[in-house]
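Q: My questions all concern the structure below.
Every read-out reported here was derived from the displayed coordinates using simple, explicitly stated rules and does not represent laboratory data. None of these values were measured; they are calculated from a predicted model. All Cβ positions, glycine included, derive from the backbone under ideal geometry; neighbour counts span all protein chains shown.
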Amino acid sequence: MYSLDFKVPQSVTVHKAKKISEATYRTLFDHSGTAAAVVRKDGRLLMVNRKFEELSGLSRYEIESRKTVYDFFREDHDRINLFLQKRRKPTGPGIKSRESRFFGLHDKVRNVYVTTSDIPRSTNFLMTLADVTELRELQSRLARSEQMAAIGELAASIAHEIRNPLGAINTSVEVLSNSLNLDGEDRDLMQIIQEETRRLDRIVKDFLQFARLDRIQSSRVDLNQIIRDTLFLFKGTFNSRIKVKTQLDAALPLYTGDGDQLRQVLINLIVNSMEAMTDGGSLLIRTKRLVAAEGRTFLQLMVQDSGQGIEAAQLKNIFKPFYSTKEKGVGMGLAICQRIIQNHGGEIDVSSRLGNGATFIISLPVVDSTPEKE
């Protein structure tokens, strides 16, 4: 009998194992969650993975053996030169890490944390890039938020202290006005002092309110009922030539928020609409339940008037504190509205054209979509 067993040459086994090993490492390299590149000692990029393509906006064909690290790290040429010089020495730099700015396609800049490490038995090295742009932006916003909070607290304290002498000035002026027999220009000057003192007090009061809007007293509120109650308060104050109409969605969910603050938003918007329709017009207040594509539910409140409208150049500024187009306006009403809505996790937008009225749309996210109970 002849045996059919035979031995596979060791060289074939080693070759196959090497192929499997290379394929495995190539797969790990290519599907890594971090951008990576194999770099030659002169800085040329020999191989990049998919994440590097995404980060740079270029394809492998455009990068591999065609681009160098200088092309992507344009602000660090001197540091790159020094690094590559050290790599050419027998005692290479080993593992190095630092943060830098990465320039991709169309000069799109990202903040990246770069780590370089030696590849065993090779003059090349591995470079990995962790995109930390969003993290740095978040840290920057947090720092600005903390700074603004500190400034806000200081400003609120100063504003509170200003109100005391203002009150004393106003009271003293009123006493003098009643006790002195002023006429002509002297009486007019005294009235100006009184009016401007009251205006300063109103500005400080509005600012203090704006600074304290983060304090939300949440409860289950019915937005439709808030609208009905608010319009009832305005009953008798509307210009007889203003036609008020409501379209309230009966299936509107109850909302968890601060009812008093939401009522204040509605009052501010109604007052603005009334002041924009001195010659009459129409005011429409509408609520609607919206369901986004991802399944989230929103309450939408629309306040639309047919007043004089807002100039295009003013639209981008109307939510800024102390910005007003009115002669004696403080400019805090819409800033307060926006702050309240943003504190509730919502958005407020406006669209308008001069002479064609204005439309304010508020969107509030709903966590518990319990239908309104009629």
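Q: Using a 10 Å cut-off on Cβ atoms, rank the peptides 67-79, 276-288 from the highest mean neighbour count down.
A: Final packing ranking: 276-288, 67-79.
Q: Full-extension gain between Ile361 and Arg187, please, as 0.36 nm times their residue separation minus the C-alpha to C-alpha distance. Each step should come with its number before you reach the end.
A: Working: separation 174, 0.36 × 174 = 62.64 nm, distance 4.60 nm.
Residue separation times 0.36 nm, minus the Cα-Cα distance, leaves 58.0 nm.
Q: Here's another thing I want to ask about it. Compute the length gained on full extension between Phe103 and Asp279: take 0.36 nm times their separation in residues and subtract their Cα-Cα distance, giving the result in nm to one decimal.
A: This chain segment gains 57.6 nm when fully extended.
Q: Give me the dipole magnitude in Debye, nearest 20, for the range 219-366 about the Cα centre, with unit charges on the beta carbon: positive for Lys and Arg, negative for Asp and Glu. Mind showing how you got there, number by number?
A: Values: 17 positive and 13 negative charges, 34 e Å.
Its charge dipole is roughly 160 debye.
Q: So if each residue of separation counts as 0.36 nm, and I subtract the Cα-Cα distance between Asn111 and Phe238, what length gain in nm does that give?
A: 40.1 nm
Q: Too long at a 27 Å Cα-Cα cut-off: which of Lys243/Lys316; Lys86/Lys108; Lys67/Lys96?
A: Check vs 27 Å cut-off fails for Lys243/Lys316; Lys86/Lys108.
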